[in-house]
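Written below as C-alpha cells is the structure these notes are about.
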Amino acid sequence: MTQTQKELIHNDCETVTSGLISRLDSLKNERILITGGTGFMGTWLTELVAFLNDNHNFNVQLYLLSTHSHSYAERAPHLARRPDITLIERDIRNLTNIPEDVSWIIHAAATPDSRAHASDPLRTVDVIVEGTNAILEYAARLPDVEKILNISSGQIYGAQPRDLKGIPETFIGGLDCSAFNAAYPESKRIAETICSIHRNQQRLPIVNARPFAFIGPYQGLDRPWAINNFIRDALLGGPIRILGDGQTVRSYMYPSDMAWWLLNILVQGKVGTSYNVGSPEAITLQELAEKIAGQFPKPPKIISGLSKDKALKISKFVPAVDLAINSLDLKITTNLDTAIKRTILWNQMAIQ
Amino acid sequence: MKKILIHDVTLRDGNHAISHKITKNQIAIYAAAADAAGVPIVEVGHGNGLGASSLQVGESAINDETMLRIAKENLPHSKLAIHVIPGFATIEKDLIRAIDIGVDVVRVASHCTETDITQRHINYVRDRGKEAYGALMMSHMASKETLVDECQKMESYGAEGVIIFDSAGAYLPNQVTDRITELKNNLNIPVGFHAHNNLGLGIANSLAAAEAGASIIDGSARGFGAGAGNAQLEVLDAVLEKMGYITDINFYKLLDAADIAEKELLKEIPRIDSLSIISGISGVFSGFSKPVERISKEYNVDPRDVFFELGRRQVVAGQEDIIIDVVSKLALQKRVSNV
C-alpha cells in the first residue's frame, strides 16, 4: 500500500470525523471485538479506529476475528502490524479462547458476495445463523458488555417496489424463501430474530445496522457488483458492459461514511432498533456507467446486454436513511461523484 | 427489428466431426472467410474446448496455442471465442495464455446441472475485461425450473449471457420455446441457444428459440459439428433475415464461407444418419457417435443398443470412457444369450 493511498484514507477519516469526535468518547480506552474484522467493512472500521487512536488518543484495543487473518497482513500491513490491533484467526461458528475483556462487539462476519451465496448456500446460512448464535452466546458470558452492533443487510427487505423512493426500516417487504439467492437475506433475517431473542432473554444490548451498497477503497474490483465491474472495465480501457438493460436503480455510500455511521450506531444507537446504512442518492446503472466513463480522458464505450423494451425485471435497492440522519444526527459527507473519483484514484495507485 | 448475435462454432464444434484433427491451414482459411462475411463471433478449438485434447476425448492435431494464434491472425474484425469446460481447462494452465493470445469471448461451459464449477473461470474472464458467457450442455436433461436456477447462478457469477446447448439434438421446438421463455422471464441477461440437428430440427429449434426471445444463436457452416451437425449457419442467417431479424452478416460472403468450409474442412457433409437419430432420441451427446460406432464395431455390438444404454445411464460429455464399459457388457450379454 502506497503512502498516497494511506494519505487518502487519512483524509477521508479526517473529513468524516471533523468536529464530531466527542460523540465516540465512550469508546476511549475500551476493547472492541469485530467479527469479520478483516473484510471490507472491518478494514474500514479498523482504519477509523486507528485514526482515532493516532490523532485523538482514544487508546482503543481492537480484536479482529476472521478466517482470513493470514492474508490480512499482505493486504493491509500498516494495520496488521499495529500494537493496538490483535488478529484472531477463528471460524465464527467455533469460538474458543476469545478475549474476555471485550466490552463492545461489532458482528460483521459473513460475506456479502452473491457468488458465494449461489455456490454454497448452505455454508452461507450456517455461517450467518450459527455464527450469530455463537457470538451472542459468547457475549452473554462477558462480564461487561456495553453494546453489540449486529451487521444485518438491506437485502432483508426483499424486492423494493419501483415507486418506493427509499426503503424505510419499517418496510415489511417480503422475500421469496425458495429463490436461488434467498440464502443470504433469509439468514440475515433470522440473524436479526436471533439477536432479538438474545436481547429479550439475555438482556443483551443489541442494535442492528442494515447496510446497502458501498463503493470505495478496499473494495475489490472483482466483487460481483455493477459499480465495481464498471470501474474495472473502464480501468481496463473499456467498454463498460452493463448486464441487463441499465435501468436497474442503486445507490452507493462511500466507506468512510459507512464506518463513521456504524461506530455512531454502535455508541448512540438505541437498543433493539435497526438503522439503514447507505446512500439515498439513487442512480440507474446506465447513468452510473456514464458517470464512470466521464472520469476518463477517453471515455470508454458503454454497452448493454439487453434492449430496454425487453427488460423484464427492473430492480431497485435504495435505502431511506431518515432514521439515522434524524435520530443520530448523521450525514453523507462524500457524494457519489467524489466516491467514484476516489475509488478510481485508489485503484490506479494500486495498479501502479 | 430484433438483433440476433450469431456465434459461429464451425472451427470448434466442427472439430468433433473430424476427430479434432483440424489443421492450421483450415483454421486460417475459414476464419478469414468468416471474418470477411462479418460473422461477429468465431469460436475455435478442440471440440470439447480449451485444454481438452487428450486420449480420453481425442487428441488435437495442433495445440490450443497454435489454433488460437492462427485464428487471431485471420480475424481482424470478428471476435475470437473459445469454449471452456472447467476441469479440461484450468485458469493457470490454459485460460491465462488464451486471453494473452487475444481471445475476446469465453464461453464457460458445464453440464446443465453443474454450473457451480464455472464461477472461478467466469470471474477470471471478467477480471481480464473479456466477455464471459455461460453455456449449459445437455440442457434437455434438466427441467426448465432447474435451468433457471443454474442460469441464475451463472448470472450471479458475472456471465453476460447464457446459452443452453442441445448437445444431443434431442429437443422438439415446443420444448425449446418452453425453456427459452422461462429463462427470459427469470434472467436479466441475454439468452442463447445452440442446436444439434440429430432429429432434423436444428434450424426449426433455433427459430423457436429466437421467437421465444433468445438473442444469441449458434450455427456452423454447412452444419459442420458433432453428430448430425449444428444449425446450418448460412441457412440460419437466411431464415432469420427472412423473419425480420438482423444479424449484420454479409449473406453472400457467408455463403462463400460455407462453400470454402465444404471444400476445405469437410470430409463429408454432415447428415442425419441412423446413429444420429438414435443419439437424438436417446438423448446422448452427439459427440459420442464416432467412438460408439468404432467401439461397437470392434466388439460386434449393435451401436443403437449402445446408445440407448448410454441414454439410460444419462451419460454426459466427458464420460466417453463409459462407452467401452457399456459395449463390453452388451457383448458379454450377447455371448451368454448365444450359448
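Take the alpha carbon gyration tensor of the protein assembly as shown, find the square roots of its eigenvalues, order them as a ≥ b ≥ c, and report rounded if a/c is under 1.5; if not, report prolate when a/b exceeds b/c, else oblate. Don't skip to the end; give the middle numbers.
Details: a/c = 2.35, a/b = 1.95, b/c = 1.21.
Taking the square roots of the gyration eigenvalues as a ≥ b ≥ c, the protein assembly as shown is prolate.
Given the DSSP H assignment, sum -39500 (n - 2.57) over each helix run of at least 4 residues in chain A and divide by its residue total; what's the result at 222 nm in deg cm²/dmol, nearest 500? Write out the running numbers ahead of the final one.
Working: 12 runs with 145 residues, N = 352.
Value at 222 nm, helices only: -13000 deg cm²/dmol.
Rounded to whole Å, give me the distance from the Cα center of segment B:131-149 to that of segment A:102-170.
If you average the Cα positions of each part, the centres end up 32 Å apart.
Need one number: % antiparallel among DSSP beta bridges in segment B:75-232, to the nearest 5. Please list the in-between numbers first.
Values: 1 of 23 bridges.
Of the beta bridges lying entirely in segment B:75-232, close to 5 percent run antiparallel.
Averaged across the residues of A:119-129, what count of C-beta atoms belonging to other chains lies within 10 Å of each residue's C-beta? Before the final figure, lay out each step's value.
Working: counts 9, 2, 1, 0, 0, 0, 0, 0, 0, 0, 0.
Taking the mean over all residues of the peptide, I get 1.
Helix B:289-299 versus the longest principal axis of chain B: what is the Cα-based angle in degrees, 0 to 90, to the nearest 10?
For B:289-299 against chain B, the angle is about 20 degrees.
For A:219-232, what's the mean count of beta carbons from other chains sitting within 10 Å of each residue's beta carbon?
2
At a Förster radius of 22 Å, what calculated FRET efficiency corresponds to the Cβ-Cβ distance of B:Asp273 and B:Ile324, to the nearest 0.05?
Details: r = 22 Å, r/R0 = 0.99.
Computed FRET efficiency for B:Asp273 and B:Ile324 comes out at 0.50.
Hey, with R₀ at 22 Å, roughly what FRET efficiency would A:Arg81 and A:Met349 work out to, going by the Cβ-Cβ distance, to 0.05?
Values: r = 20 Å, r/R0 = 0.93.
Computed FRET efficiency for A:Arg81 and A:Met349 comes out at 0.60.
Net charge around B:Gly161, counting only other residues with Cβ within less than 10 Å of its Cβ (Lys, Arg = +1; Asp, Glu = -1)?
Values: positive: B:Arg107; negative: B:Glu131, B:Glu155, B:Glu160.
Residues close to B:Gly161 contribute a combined charge of -2.
Relative to the longest principal Cα axis of chain B, at what angle does helix B:24-36 sit, 0 to 90 degrees, rounded to 10?
With rounding to tens, the tilt is 40 degrees.
Find the relative contact order for chain B and round it to a whole percent, using C-alpha pairs within less than 8 Å whose residues are 6+ positions apart.
On the way: 760 pairs, mean separation 59.4, N = 339.
This gives 18 percent for chain B.
Have a look at B:Ile164, B:Leu55, B:His140 and report the one farthest towards the positive end of the charge dipole of segment B:5-264, computed about the Cα centre with Cβ charges (Lys/Arg +1, Asp/Glu -1).
B:Leu55
Among A:Trp260, A:Pro77, A:Phe296, which residue has its Cα furthest toward the positive end of the charge dipole of chain A, with +1 on Lys/Arg Cβ and -1 on Asp/Glu Cβ?
A:Phe296
Between helix B:144-157 and chain B, what is the angle of the helix's C-alpha long axis to the longest principal axis, kept within 0 to 90° and rounded to the nearest 10?
The helix B:144-157 is inclined about 50 degrees to chain B.
If the elastic network links every pair of Cα atoms under 10 Å, which of B:Met243, B:Met137, B:Met154 fluctuates the most in the Gaussian network model of chain B?
Fluctuation is largest for B:Met243.
Just want the ordering: B:Ser274, B:Ser60, A:Ser315, A:Ser69, from fewest to most Cβ atoms lying within 10 Å of their own Cβ.
On the way: B:Ser274 9, B:Ser60 20, A:Ser315 14, A:Ser69 17.
With the sparsest Cβ surroundings first, the list reads B:Ser274, A:Ser315, A:Ser69, B:Ser60.
Using a 10 Å cut-off around each Cβ of peptide B:124-135, what is the average number of partner chain Cβ atoms that fall inside? Before the final figure, lay out the partial values.
Values: counts 1, 0, 7, 6, 2, 10, 1, 4, 1, 0, 0, 0.
Neighbouring Cβ atoms belonging to other protein chains average 3 per residue here.
Pull out a ≥ b ≥ c, the square roots of the eigenvalues of the alpha-carbon gyration tensor of segment B:1-60, then state rounded if a/c is under 1.5, prolate if not and a/b is larger than b/c, and oblate in the remaining case. Walk me through the intermediate numbers first.
On the way: a/c = 3.33, a/b = 1.77, b/c = 1.88.
Verdict is oblate for segment B:1-60.
In nm, what is the difference between 0.36 nm times the number of residues separating A:Ser71 and A:Glu89 and their Cα-Cα distance? Write down the numbers at each step before the final one.
Working: separation 18, 0.36 × 18 = 6.48 nm, distance 1.06 nm.
Length gained between A:Ser71 and A:Glu89: 5.4 nm.
Quote the relative contact order of segment B:232-339 in percent (integer), defining contacts as alpha-carbon pairs under 8 Å separated by 6+ residues.
Details: 75 pairs, mean separation 21.1, N = 108.
Here the relative contact order equals 20 percent.
Which of B:Phe285, B:Phe308 comes first, and how do the rest follow, when ranked by fewest Cβ neighbours within 10 Å?
On the way: B:Phe285 27, B:Phe308 17.
Ranked by crowding around the Cβ, least crowded first: B:Phe308, B:Phe285.
Label A:Asp337 and A:Thr2 with points 7 Å out from Cα along Cα→Cβ: what is the distance between them in nm?
Simple spin-label model gives 2.4 nm for this pair.
For a distance above 26 Å, tell me the whole-number percent of Cα pairs in chain B that qualify. Spell out each step's value before the answer.
Numbers: 24704 of 57291 pairs.
Counting every Cα pair in chain B, those more than 26 Å apart make up 43 percent.
Compute the FRET efficiency between B:Tyr299 and A:Ile172 as 1/(1 + (r/R0)^6), taking r as their Cβ-Cβ distance and R0 = 56 Å, and round to the nearest 0.05.
Working: r = 66 Å, r/R0 = 1.18.
So, using R0 = 56 Å, E works out to roughly 0.25.
Taking the Cα centre of segment B:274-338 as origin, sum charge times position over the Cβ atoms of Lys and Arg (+1) and Asp and Glu (-1), and report the length of that vector in debye to the nearest 20. Present the calculation step by step, with values, prior to reporting the outcome.
Values: 9 positive and 8 negative charges, 29 e Å.
Here segment B:274-338 has a charge dipole of around 140 debye.
For the residue pair B:Ser143 and A:Asp329, what label-to-label distance in nm results when each label sits 7 Å from Cα along the Cα-to-beta-carbon direction?
My value for the distance between the label points is 5.8 nm.
Under 1.5 on a/c is rounded, so check that first for segment A:102-198, then, if it is not, pick prolate when a/b is larger than b/c and oblate when it is not; a ≥ b ≥ c are the square roots of the alpha carbon gyration tensor eigenvalues. The partial results should precede the final answer.
Details: a/c = 2.51, a/b = 1.49, b/c = 1.68.
The shape class here is oblate.
Which pairs in the list A:Lys341/B:Lys2; B:Lys21/B:Lys130; B:Lys267/B:Lys329; B:Lys21/B:Lys253 are over 30 Å apart, alpha-carbon to alpha-carbon? It would help to have the intermediate numbers written out before the result.
Details: A:Lys341/B:Lys2 37 Å; B:Lys21/B:Lys130 28 Å; B:Lys267/B:Lys329 33 Å; B:Lys21/B:Lys253 26 Å.
The answer is A:Lys341/B:Lys2; B:Lys267/B:Lys329.
What order do you get for A:280-292, A:31-43 when each peptide is scored by the mean count of other beta carbon atoms within 10 Å, highest first? It would help to have the intermediate numbers written out before the result.
Numbers: A:280-292: 19.5, A:31-43: 24.9.
Descending mean neighbour count gives A:31-43, A:280-292.
State, to one decimal in nm, how far the label point of B:Val336 lies from the label point of A:Lys298, with both points 7 Å from Cα in the Cβ direction.
That separation, rounded to one decimal, is 7.1 nm.
Highest GNM mean-square fluctuation, chain B, Cα pairs closer than 10 Å: which of B:Asn48, B:Asn230, B:Asn174?
Checking each option, the largest mean-square fluctuation is seen for B:Asn174.
Starting with the fewest neighbours, write out A:Arg342, B:Arg128 ranked by other beta-carbon atoms found within 10 Å of each beta-carbon. Can you show the working numbers first?
Working: A:Arg342 21, B:Arg128 16.
Starting with the residue having the fewest Cβ neighbours, the order is B:Arg128, A:Arg342.
We did not get these values from a lab; they are worked out from the coordinates using the rules stated. Predicted model only: the values in this text are computed from it and were never measured. Reconstructed Cβ throughout: ideal geometry from the backbone, glycine too, with neighbour counts over all protein chains shown.
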